[in-house]
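Coordinate-derived values only; no laboratory data. This structure is a prediction, so every number in the text was calculated from the model and none was measured. When we count neighbours, we look across all protein chains shown, and the Cβ atoms used for this are built from the backbone with ideal geometry, even at glycine.
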Amino acid sequence: MMKKKNISQKVYINTIGCQMNVYDSGQMMTRLRAVGFESVADAGQADLIIVNTCAIREKAVQKMASFIGRFAGVKKTRPGLRLVVAGCVAQQQGKKILERFPYVDIVVGTHALPHLPLLLEKIDAGEGPLVDIEMSGALEKTDPDRMLRFHQTDISDFVTIMRGCDNFCTYCVVPYVRGREVSRTPGDILSEIRALVGSGMKEVTLLGQNVNSYGIKEGLCSFAELLEKVNAIEALERIRFVTSHPKDLSIELIHAFTHLEKLCHHIHLPVQSGSDRVLKKMNRRYTTADYMDKIARLREAAPDIAVTTDIIAGFPGETEHEFQQTLKLIHQLGFDSIFAFAYSDRPDAPARRFPDKVPEDEKNRRLQELFAAQEIISRKRHAALVGQYLDVLVEGASKRQQKIDGSCPTEGTELSGRSAGNRIVNFSCSSECGLDIRELKGHIISVRVEKAFSNSLWGIPAAMESAFPKNKGGRIYVA
């Protein structure tokens, strides 16, 4: 264990990629705080700079290279500055990163992140540069005491429930950079969530590459049973999860949306393509008919459920007809939103060797068509919400307000939060609301939707009680 420093040092973490990386960066920060580091928002003020990388698409790798490249000259003038490349690209490239960026001090892979304080200690002792990309079949247990001491309170937080993936989709590098599936024990997960709730967290998002297969290999409880256990945690307001694989979406999990009151009515269920032939080449192990049946079951169980998805444009060999099948599926199912990406070859992924690559300009055309189609659908779905009341977990000032003054919420500030369906809801609040704006963050309030946009909603708070009902878990109810 690295000794706690007498003089506080400053650390800047640049996180690229998915929610799992956000969680991993938080875990690194918690460990670094325990040995005397403090977080800063400006890399220029930092003694330690970490880039937590993503390898899922080439663009993310380019972002990492561009960021690290900025510090080649800085290292010459500030030899005491430490540079760390962490995460999926670190796991994938290892020593090759040092060959390209010889001024990097540490390369630390996805399984070795807990070793970071010790690696820094070795660097300070004159060793290095260091590479640690050893993969482990075990998961480190949560230390609730450390979390309570060093975790900075968030309204909503991520909790990883499993690591790795066994699906080996032909386009994906996750099994190679994060390893095979391994699940944490329910007790360890619940201990972490209770610690977070104890520090003020209201909402948790459970993370896994395929949460639907949680616990199967280890003989633990099912994912639906884990959700029941999380649902029973007092003072926790909301539960979310990502990501679900359609082939493993169980009837038990679908039914969970009907009886777990804290489980948000939102599911991210990646379809990737509307063509059965392309799905087979992707090794997804379901058909479009299977997928549509599960969406129908979800909407029967929870009619208001928001469904989002992932789509890849221009997978090798995808014809124009098959792309049109994907567009047709989007219109048939009416997703609330999509995350669409142009296919890119990835090291180790089998699809890299597939023939009949779609030209770049054609991939981009198809991608833009997907976005255009979905924008129309999203606007229609949002427009249908105008006049309705949504429960919104207040996160703070809206992005627009932050751009205006960057201040904390004050009189007349536009605030922002998310509905249970994961929709961004902005709203203005003044003294007429009968609420203390400074105390709104972390509370659930009812907002009447007045305007609808493709990516957000805008509304006004409903009539409310004049004082917070402290004995009701922080929720503010319509009077």
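Counting just the Cα atoms, what span does the chain cover along each of its three principal axes? Round to the nearest Å and put the largest first.
64, 58, 47
Rounded to the nearest 500, what is the chain's calculated 222 nm mean residue ellipticity when only DSSP H runs of at least 4 contribute -39500 (n - 2.57) each, over all residues?
-10000 deg cm²/dmol
Let's see if you can work this out: charge +1 on each Lys and Arg Cβ, -1 on each Asp and Glu Cβ, no other charges. What is the dipole magnitude of segment 144-382 about its Cα centre, in debye to the nearest 20? It would help to have the intermediate numbers written out before the result.
Working: 33 positive and 34 negative charges, 65 e Å.
Computed charge dipole of segment 144-382: roughly 320 debye.
Once both labels are modelled 7 Å past Cα along the beta-carbon direction, what's the Val182-Ala289 spacing in nm?
Computed distance between label sites Val182 and Ala289 equals 4.0 nm.
With only Lys, Arg, Asp and Glu charged, each at its Cβ (+1 for the first two, -1 for the last two), find how big the charge dipole of segment 258-320 is about the Cα centre; round to the nearest 20 debye. The partial results should precede the final answer.
Details: 9 positive and 9 negative charges, 52 e Å.
Result for segment 258-320 is approximately 240 debye, rounded to the nearest 20.
Which percent of the Cα-Cα distances in segment 128-222 go past 21 Å? Could you put the intermediate results ahead of the total?
Working: 1905 of 4465 pairs.
Beyond 21 Å sits 43 percent of the P(r) for segment 128-222.
In cubic angstrom, how much convex hull volume per residue do the alpha carbon atoms of segment 144-382 span? Intermediate values should be presented prior to the final figure.
Working: hull volume 32.4 nm³, N = 239.
Taking the convex hull of the Cα positions in segment 144-382, it is 135 Å³ per residue.
Along the positive direction of the dipole of the chain (beta-carbon charges: Lys, Arg +1; Asp, Glu -1; about the Cα centre), which of Ser222, Phe341, Gly442 reaches farthest?
My answer, from the dipole projection, is Phe341.
Extension gain Arg299-Lys141, at 0.36 nm per residue separation less the Cα-Cα distance, in nm? The partial results should precede the final answer.
On the way: separation 158, 0.36 × 158 = 56.88 nm, distance 3.68 nm.
Here the answer is 53.2 nm.
If Rh is defined by the Kirkwood formula over all Cα pairs and Rg also comes from Cα, what ratio Rg/Rh do you get for segment 355-394?
Values: Rg = 17.0 Å, Rh = 13.0 Å.
Using only Cα positions, Rg/Rh for segment 355-394 is 1.31.
Would you mind computing, in nm to one decimal, how far apart the modelled labels at Asp345 and His259 are, each placed 7 Å from Cα along Cα→Cβ?
Inter-label distance under the simple model: 5.2 nm.
Taking only Cα atoms of segment 9-132, what ratio of Rg to Rh do you get with Rh as the Kirkwood inverse-distance radius? Write out the running numbers ahead of the final one.
On the way: Rg = 13.0 Å, Rh = 14.2 Å.
Using Cα coordinates only, the ratio equals 0.92.
For segment 83-136, divide the Cα radius of gyration by the Kirkwood radius and give the resulting Rg/Rh value with two decimals.
Values: Rg = 10.0 Å, Rh = 10.7 Å.
Radius of gyration relative to Kirkwood radius: 0.93.
Extending each Cα 7 Å along its Cβ direction at Lys451 and Arg70, get the distance between those two points in nm, one decimal.
3.3
Going by the alpha-carbon gyration tensor, a ≥ b ≥ c the square roots of its eigenvalues, is segment 57-115 rounded (a/c under 1.5) or, if a/c is not under 1.5, prolate (a/b greater than b/c) versus oblate? Could the numbers behind the result be given before it?
Details: a/c = 2.09, a/b = 1.32, b/c = 1.59.
Judged from the Cα gyration tensor, segment 57-115 comes out oblate (a/c at least 1.5, b/c at or above a/b).
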